[in-house]
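Working notes, beginning with the structure itself.
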Amino acid sequence: MIKLPFSSIAEAKADPAAFKKRLSSKQTGSPMRYGPNRLLQEVINRMHNDAMSFAQGRIDLSSRMAQRFPGHRRTAEILTWFEEYATDYSRLAHSHALGWTNVAVPLPADIENDIAVTGRVGRVDLVPDGTYAAWLMAINPGTWQLDPRMPLLQLAVADILGCSPEEVSVGVYCFKDGLHYVVPVSANDRAQAITDLRNLEKALR
């Protein structure tokens, strides 16, 4: 079975032959180096899961930065990113549903035994209208509307929650921008994403 991480979907689609070579050498994915960015995301995840206030979360982050990265040149930036995150999260007026969650894309019977697409969602919110919002976390800005992960993320989160894909909006929080970006996904987008996976599975055999 081909195991395809969310983080590798764009790379695999762009050059299946090169990615196939990486698969054979088991060099897929791009593990996140543990640094201040990782610590920031860990603290945010803990804050939501433990129902901490933003003030408590900031104290926790400041303390952990001092312990893990004393005197680090990016301390002020990381604390600013946290404050911008707190501001934009408050703007959404969402409730916390899930923190870091490993998900797998539910696939049709004709390919479910040939390829597995898995990843981790950064956060899932409960929206005031009773639907859900699932977010990936990114450091740098990107063209999220073209991100091939979005339809698959919607399918995977809906499967975890036991709801229809239409009840899950998806998007990205970008730390450098300090903003949540919602990415519209249609039924046609989801169908095309599955078709693309079928074609990719054939190319990677």
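Taking the criterion of being in a helix (DSSP H, G or I), over 21 Å from Pro106 (Cβ atoms) and not polar (S, T, N, Q), the residues of region 121-173 that qualify are Trp144, Leu146.
Within region 107-132, the set of residues being free of Cβ contacts under 8 Å to residues at least 24 places away in the same chain and either hydrophobic (A, V, I, L, M, F, W, C) or not assigned by TED's automatic domain parsing to the domain that holds Val170 (or both) comprises Ala109 only. Residues that are in contact with a helix residue (DSSP H, G or I) (Cβ under 8 Å, 6 or more places away or on another chain) and either among the polar types (S, T, N, Q) or not in a loop (DSSP other than H, G, I, E, B) (or both) within region 174-186 comprise Leu179, His180, Tyr181, Val183, listed in sequence order. Any residue at all in region 64-79 that's under 21 Å from the mean Cα position of the chain (by Cα), among the small types (Gly, Ala, Ser), outside the structural domain of Arg190 (by TED's automatic domain parsing) and not in a helix (DSSP H, G or I)? No, the conditions are met nowhere in region 64-79. Pairing each residue of region 174-188 that is in the same structural domain as Ile44 (by TED's automatic domain parsing) with any residue that is at pLDDT 95 or above and surrounded by 13 or more Cβ atoms within 10 Å (Cβ to Cβ), provided the two are 6+ apart or on different chains, yields no C-beta distance under 9 Å.
The set of residues from region 111-120 being over 21 Å from Ile44 (Cβ atoms) and in a strand (DSSP E or B) comprises Ile115, Ala116, Val117, Thr118. In the condition set (1) under 25 Å from Gln192 (Cβ atoms); (2) modelled with pLDDT of 90 or more, Leu23 is compliant with all but (2). If you go through region 80-105 and pick out every residue that is more than 19 Å from the chain's Cα centre (by Cα) and within 14 Å of Met137 (Cα to Cα), you end up with 0. Of all the criteria given as (1) outside any helix (DSSP H, G or I); (2) over 20 Å from the mean Cα position of the chain (by Cα), the one not satisfied by Ala55 is (1). From the list Pro128, Pro106, the lone residue that is surrounded by fewer than 16 Cβ atoms within 10 Å (Cβ to Cβ) and in contact with a Ser or Thr (Cβ under 9 Å, 6 or more places away or on another chain) is Pro128.
For the list (1) on the phi > 0 side of the Ramachandran plot; (2) modelled with pLDDT of 95 or more, I need the number of the one condition that Gly29 fails. Condition (2) is where Gly29 drops out. Assess whether Ala93 counts as being loosely packed, with under 15 Cβ neighbours inside 10 Å, modelled with pLDDT of 95 or more and farther than 19 Å from Glu166 by Cβ. It is true that Ala93 is loosely packed, with under 15 Cβ neighbours inside 10 Å, modelled with pLDDT of 95 or more and farther than 19 Å from Glu166 by Cβ.
The values are calculated or read from the model by the stated rules, or taken from the named source; none is laboratory data. None of the values given here were measured: they were computed from a predicted structure. With ideal geometry, Cβ positions are generated from the backbone for all residues, glycine too; neighbour counts draw on all protein chains shown.
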